[in-house]
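**Q** Let me begin by handing over the structure; questions about it come next.
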Amino acid sequence: MNRINLEQAMEIAQSKYKSKQYYQVKQILQQILQHGGENIGAYLLMGNEYYCLSEYQQAVEVYSYVKKIAPNAAVSYVNLGNSYAKLKCFDDATNSYDKAIAIEPSLMKIVCRNLVCVHSMNQQVIPALEMCGEISR
């Protein structure tokens, strides 16, 4: 039987993720992480997979781990904020989004849209409207 390398396994996992076969993604990633060490791409994909399965607490745990091993990976902070928002941890979501913008200012428009949603979900109409103004500038 032919063995596949880490890169091939990640390609298969990403393909399964794109076709929304999340449980298969989970199995592949667990094998990769068990044998592949600190693979940030695999951890991010696993967090995304948990998020898509509505397993938001597990997604928070994975993205928080990515924060520790790759503190400048802005995407992990955006995804962490999204997961916190789903858990209704609005302050944590806002803090994560702010950190993402601080690391990568080019994410401002994407993050601002997410912040509008968080403020709206938290019934903070004025901050949501203010954020809409920031987006339109």
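**Q** Cut-off under 12 Å on the C-alpha distance; same-chain residues fewer than 8 positions from K68 excluded. Which aspartates and glutamates are left, in chain and number order?
**A** Once the sequence-local aspartates and glutamates are set aside, what remains near K68 is E38.
**Q** Among the listed pairs K26/K67; K16/K99; K20/K109; K20/K88; K67/K88; K20/K86, which are separated by more than 23 Å between their Cα atoms?
**A** Pairs exceeding 23 Å: K16/K99; K20/K109; K20/K88.
**Q** May I ask you to compute the full-extension gain from Q24 to E61, defined as 0.36 nm times their residue separation minus their alpha-carbon distance, rounded to one decimal in nm?
**A** Gain on stretching Q24 to E61: 11.3 nm.
**Q** Moving on to the next point. Can you give me the distance in nm between label points at S106 and M121, each placed 7 Å from the Cα along the Cα-to-Cβ direction?
**A** The two pseudo-label positions are separated by 2.7 nm.
**Q** What is the gain in length, in nm to one decimal, between N72 and Q34 on full extension, counting 0.36 nm per residue of separation less the C-alpha to C-alpha distance?
**A** That pair, N72 and Q34, stretches by 11.3 nm at full extension.
**Q** Which one of K86, K109, K67 has the biggest mean-square fluctuation once the chain is modelled by GNM with Cα springs under 10 Å?
**A** Per the Cα network of the chain with a 10 Å cutoff, K109 tops the list.
**Q** Which of R113, R3 comes first, and how do the rest follow, when ranked by fewest Cβ neighbours within 10 Å? The partial results should precede the final answer.
**A** On the way: R113 13, R3 6.
Fewest-to-most ranking of R113, R3: R3, R113.
**Q** Right, here's the next one. With n ≥ 4 as the cut-off for DSSP H runs, can you work out [θ] at 222 nm for the chain, using -39500 (n - 2.57) per run divided by the number of residues, rounded to the nearest 500?
**A** After summing the helix terms and dividing by residue count, I get -25000 deg cm²/dmol.
**Q** Still on this structure, I have one more. Let me check against my output: what whole-number percent is the relative contact order of the range 6-136, with C-alpha pairs under 8 Å and at least 6 apart?
**A** Relative contact order here is 14 percent.
Read the figures in this text as sums done on the coordinates, not as results from a lab. Keep in mind that this is a model prediction, so the values were computed, not measured. Here the Cβ is made from the backbone with ideal geometry for all residues, glycine too, and neighbour counts use every protein chain on show.
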